[in-house]
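Taking it in order: structure first as structure tokens, then the write-up.
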Amino acid sequence: MKVVCQVALAVAVLLASAPVQAQQDPAGQSAGSQSAAQNPPQNPDEPQKYEETVVVSASKTEEKLVNAPATMTVIGAQTIQSAPSQNFAELLRAVPGMNLTQVSARDINVTSRGATSTLATGQLALLDGRSLYQDFFGFVMWDFLPVNLNEIKQVEVIRGPASAVWGANALYGVVNVITKAPREMPGTSFTVGVGGFDRSTSSTDQSAGTVFYVSGTHAQPLNDRWSFKVSGGAYSQDALARPSGTIPCDNPAVCSGTKALYPSFTNQGTTQPKVDGRVDYDYPDGKRLSVSGGVAGTDGIMHSGIGPFDINNGSVMSYGKVNFTNKAFRVAFFSNVLDGDATNLLTVDPLGNRILFNFKTKTFDGEVSNVNTLGQKQVLTYGGNLRYNTFDLSIAPLSDNRTEGGAFAQDEIFLSNRFRLVAGARLDRFDYLDNVVFSPRVTFMMKPHEDHTLRLSYNRAYRSPSVINNFLDVTIAEPIDLTPFAVLNPAVRGQTYLLPVRSAGNEVVNAPLNQTSVDAYELGYTGIVANGRAVLSAAFYVNRTNDDILFTEDTAARYTARNPPPNWANGLLPPAVIALVPGRSLPALFTYRNLGRTTQKGIELGVNSPVQPYLNVFANYSYQATPDVNFPNVANPLSEVNLPAKNRVNVGFNYSRSRWLGDMTVTYSDNAYWQDVLDDRYHGTTDAYTLVNGGVGMKWAANKLTTSVKVINLFNREVQQHVFGDILKRQVVGELRVNF
């Protein structure tokens, strides 16, 4: 923490003393935006002016960042290009309020303004407005993004609930990845990176791992009407190091009982091929028709509540999308098709066989939206969508299909030059829920100057129960060592009884679930200062999450001496022996329940500014208080939820001058508590960590060639971001980028 404070102080001195010029990434009209109006052309060699930064995610229409009715962070193309990794972990980690865990070579989870988890279910992710959310489990597989980093124009992050516009699953926030149109990136580019990473820890000595990636993109306008781009790539990384020893837990408020040893299983790396294509037709009057499609594959570890699954090679997600825009009017249709299978590396069924998970899903989604001005003081945005899913899931055999639909409207009212009111709502209907879901939004904006906005807002967002929440039905085996009972029957010495424990969704056990909802209150500020070349942000928020859906034991269904499990102790012990077990019973059923309410409070502060034409610096701080957990029927409610890091700090810089370029980011994160894997023997805490990433590069041949070295975890600390996750050590990659 001392190092972080010193760096933060240095950044503050620079901001206070240096002349403010700029260099940032151009941010203009997105391919998925609803307006055909083009942003003013910008010279890429000139500094970016934040007053010209346009976003589309907050209201599904183009608006300046400073006028968005939600707190947002925009990650520009230059930052994306200098990212030290090809996955989104190190890109999103520096966003204020964002909790991110990388738990395996392929598995990252993201949640804003709340604790994240394995299979994080509260963050909506989009690619040009197309949902990447996996409806069957209710989470995002970030490795199924089919595009290369150089195709991304900007990443827009809504830090807070957004169901009033985006509907289900935008519970805590939205990440919208916006790509460049073919005309915005003419030419051919090629990138290759080769490197390695340390896998030796304080308790184990293991050979270094390797990482390799390659990507290529070609974009070309054929004439003044037609343009296209094609891209492809692959990413491969060996398995990271696994922790060993006893599960750590140093928080007495949530830790109890004896902790288990880390189980031994063969850890896996990942291989992620992808290909994508897009064709645009631009009409003479400004309309645009865009057709795109692609496929991405993956394999590697996916951690879950019942242990790690190894996603097998050949698991793929493909998509097709058609998008038509006419000024502010937009019609879009897309289809996502997922086909994969996985094997659990720890959990077995009562016969001793590994739990298999075969998953096939299809999603079809149609959407229409429009923007109208009402007189000279109102802007009305409205639209709706209809979504249909089919499911074929081996661990949820009763699942079949789901239909959902919704409509929204939002009115931005210009009360005066200084005051605006944004009021809107969305209605959604799921065939798994009994009632229509109502998601309102109200934001009052005060603008003492056109480049400064103070917001007071209320939002409600929700997440519908996932298909797994509804229809999970699998019986796993909990191994019980019978040796302690050898005094009663010597024949059981050294034997293990596989206790059958059923995991079932609410529809299977007839225990209806409500949707999880969040009532969010926020006081926020966004300011563009220093002649448009710096952005300041501040936010205080209170999120009240109602009807948390958590996987928990049904204590009423426990095995007892009067209700013993099948073939109890292989017939070698009488049922009465169960009375000797601590608690006098054994678990029989786990299911999903609405447990109650959680209240999360936090503060976010940030600044992003060039201090010279060639040097950009940023700093941000996030504080999340220990949540107030009110679960009426739970003895220790705090132990039933993940507890995020209280303090997070990010500071860094980006340098580009003449032939040289470089960057560095320092991230500090407090300790945290995790309870979302297996049972309480595996629940525990992670230590605070400081992660230093950086890189340096040189341009050659009139900037057509760029060579660079990129480093993650420069000081080679043992960073474990989840108590059951892998250990991240230093990774060094050499990269060559070619532009024709």
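Key figures
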| item | result |
| --- | --- |
| Members of the stretch 436-494 that are of a type in the set (S, T, N, Q), under 27 Å from Leu678 (Cβ atoms) and within 24 Å of the chain's Cα centre (by Cα) | Ser464, Ser466, Asn469, Asn470 |
| Any chance Gly694 is part of a loop (DSSP other than H, G, I, E, B) and either closer than 26 Å to Ser203 by Cβ or touching a Pro at 6+ places or on another chain (Cβ under 8 Å) (or both) | no |
| Index of the failed condition, Phe485 passing every other in (1) within 20 Å of Asn435 (Cα to Cα); (2) out of contact with any Pro (no Cβ under 6 Å at 6 or more places or on another chain) | (1) |
| Positions within the stretch 413-436 being touching a strand residue (DSSP E or B) at 6+ places or on another chain (Cβ under 7 Å), part of a loop (DSSP other than H, G, I, E, B) and surrounded by 15 or more Cβ atoms within 10 Å (Cβ to Cβ), in sequence order | Tyr432 |
| Failed criterion for Gly352 (all others in (1) exposed (fewer than 15 other Cβ atoms within 10 Å of the Cβ); (2) free of Cβ contacts under 8 Å to residues at least 40 places away in the same chain; (3) not charged (D, E, K, R) hold) | (2) |
| Which listed residue is closer than 18 Å to Ile158 by Cβ and either small (Gly, Ala, Ser) or open to solvent by less than 10 Å² (accessible area, probe 1.4 Å) (or both), from Ser466, Ser439 | Ser439 |
| Residue list for the stretch 473-519, restricted to those being hydrophobic (A, V, I, L, M, F, W, C), open to solvent by less than 10 Å² (accessible area, probe 1.4 Å) and not in a strand (DSSP E or B) | Leu482, Ala486, Val492 |
| Condition broken by Glu450, with the remaining ones in (1) more than 30 Å from Ala396 (Cβ to Cβ); (2) in contact with a Ser or Thr (Cβ under 7 Å, 6 or more places away or on another chain); (3) not β-branched (Val, Ile, Thr) satisfied | (2) |
| Number of the exception - Ala576 against (1) in contact with a strand residue (DSSP E or B) (Cβ under 8 Å, 6 or more places away or on another chain); (2) surrounded by fewer than 22 Cβ atoms within 10 Å (Cβ to Cβ); (3) small (Gly, Ala, Ser) | (1) |
| Scope the stretch 383-412; condition surrounded by fewer than 21 Cβ atoms within 10 Å (Cβ to Cβ) and among the acidic types (Asp, Glu); matching residues | Asp392, Asp400, Asp411 |
| Filter pass, Ser669 being in contact with a Pro (Cβ under 7 Å, 6 or more places away or on another chain) and open to solvent by less than 20 Å² (accessible area, probe 1.4 Å) | no |
| Selected residue [under 23 Å from Leu351 (Cα atoms) and either β-branched (Val, Ile, Thr) or in contact with a Lys or Arg (Cβ under 6 Å, 6 or more places away or on another chain) (or both)] from Leu589, Leu572 | Leu589 |
| Residue in the stretch 146-158 that is under 27 Å from Phe391 (Cα atoms) and in contact (Cβ under 8 Å) with a residue 24 or more places away in the chain present | yes |
| Residues (part of a strand (DSSP E or B), open to solvent by 10 Å² or more (accessible area, probe 1.4 Å) and among the aliphatic types (A, V, I, L, M)) located in the stretch 174-192 | Val192 |
| Which listed residue, of Phe357, Phe364, is in contact (Cβ under 8 Å) with a residue 40 or more places away in the chain, assigned to a strand (DSSP E or B) and under 30 Å from Gly505 (Cβ atoms) | Phe357 |
| Given (1) under 25 Å from the mean Cα position of the chain (by Cα); (2) open to solvent by 30 Å² or more (accessible area, probe 1.4 Å), number of the condition Gln624 does not satisfy | (2) |
| Test for Ala58: is it of a type in the set (A, V, I, L, M, F, W, C), at pLDDT below 90 and surrounded by 22 or more Cβ atoms within 10 Å (Cβ to Cβ) | yes |
| Selection status of Leu380, open to solvent by less than 50 Å² (accessible area, probe 1.4 Å) and either in a strand (DSSP E or B) or not β-branched (Val, Ile, Thr) (or both) | yes |
| Strands (runs of 3 or more DSSP E) completely within the stretch 539-633 that count 2 or more residues being closer than 30 Å to Asn470 by Cβ | 549-553, 589-594, 597-612, 628-630 |
| Among (1) open to solvent by 30 Å² or more (accessible area, probe 1.4 Å); (2) in contact with a helix residue (DSSP H, G or I) (Cβ under 9 Å, 6 or more places away or on another chain); (3) not hydrophobic (A, V, I, L, M, F, W, C), the one test that Gly571 misses | (2) |
| Any hit, the stretch 159-173, residues being farther than 21 Å from Ser457 by Cα and crowded, with 23+ Cβ neighbours inside 10 Å | no |
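Listed here are the residues, each with its yes/no results for (1) charged (D, E, K, R); (2) in contact (Cβ under 8 Å) with a residue 60 or more places away in the chain; (3) out of contact with any Lys or Arg (no Cβ under 7 Å at 6 or more places or on another chain).
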position	(1), (2), (3)
Pro397	no, yes, yes
Asp400	yes, no, yes
Glu412	yes, yes, no
Asp431	yes, no, no
Met445	no, yes, no
Asn459	no, yes, no
Thr483	no, no, no
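The values are calculated or read from the model by the stated rules, or taken from the named source; none is laboratory data. Because the structure is a prediction, the values reported are computed rather than measured. FYI the Cβ positions are ideal-geometry reconstructions off the backbone, even for glycines, and counts take in every protein chain you see. We work out accessible area using only protein heavy atoms, side chains counted, and drop any ligands, DNA or RNA first. Shrake-Rupley method; radii C 1.70, N 1.55, O 1.52, S 1.80 Å.
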